[in-house]
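The structure under discussion appears below in the form of structure tokens.
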Amino acid sequence: MERYDPLTAPDPAEWQSLDEDERLELVEDFHRRARIRLPKAKAHAIIHVIVENQIALGDEIPVKRTLERLITEGLDRHQSIHAVGSVLVGHMNDLLRPGAEPAADPNRSYYIALDNLTAEDWLRSG
């Protein structure tokens, strides 16, 4: 894989064949080429990579299904990655909050939040 474009789904097998550093470089390169200036470019790229990794898992977890639903609701693929990424970041913050009680299945709340995520809500969130 030579280039990454969040508007086009990478082949899951090809994406998974790359190591994490290669994935990060592809995502960072996309944003540089697109002249998208980000205050925390590395963190932004990491979230993109995590979401793409989760999409590549297919039906194993609800991320791919959520992305596809958000696209049918009117977001483009890149916006949908950001919407899922915003839920992921919120979930990670919850997990890392001091005093947070570990759940039996720490991802259950993430999956529920993804099921409840809508394009309209995400667009309204700013």
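Structure notes:
- Among the residues of the stretch 96-125, those that are over 17 Å from the mean Cα position of the chain (by Cα) and either of a type outside the set (Lys, Arg) or assigned to a loop (DSSP other than H, G, I, E, B) (or both) comprise Leu96, Arg97, Pro98, Gly99, Ala100, Glu101, Pro102, Ala103, Ala104, Asp105, Pro106, Glu120.
- All positions within the stretch 88-103 that are open to solvent by 60 Å² or more (accessible area, probe 1.4 Å) and not hydrophobic (A, V, I, L, M, F, W, C): Asn93, Asp94, Arg97, Pro98, Gly99, Glu101, Pro102
- Summed over the stretch 15-42, residues that are in contact with a helix residue (DSSP H, G or I) (Cβ under 9 Å, 6 or more places away or on another chain) and surrounded by fewer than 16 Cβ atoms within 10 Å (Cβ to Cβ) total 9.
- Residues in the stretch 31-48 that are at negative phi and assigned to a loop (DSSP other than H, G, I, E, B): Ala34, Ile36, Arg37, Leu38, Pro39, Lys40.
- Count of residues meeting criterion [closer than 11 Å to Val84 by Cβ and either polar (S, T, N, Q) or in a loop (DSSP other than H, G, I, E, B) (or both)] in the stretch 49-60: 1
The values are calculated or read from the model by the stated rules, or taken from the named source; none is laboratory data. Only a predicted model underlies this, so the values are computations on that prediction, with no experimental measurement involved. Cβ sites come from the backbone with ideal geometry, for glycine too, and all protein chains shown count toward neighbours. Calculation scope for accessible area: heavy atoms of the full protein, side chains included, ligands and nucleic acids excluded. Shrake-Rupley method; radii C 1.70, N 1.55, O 1.52, S 1.80 Å.
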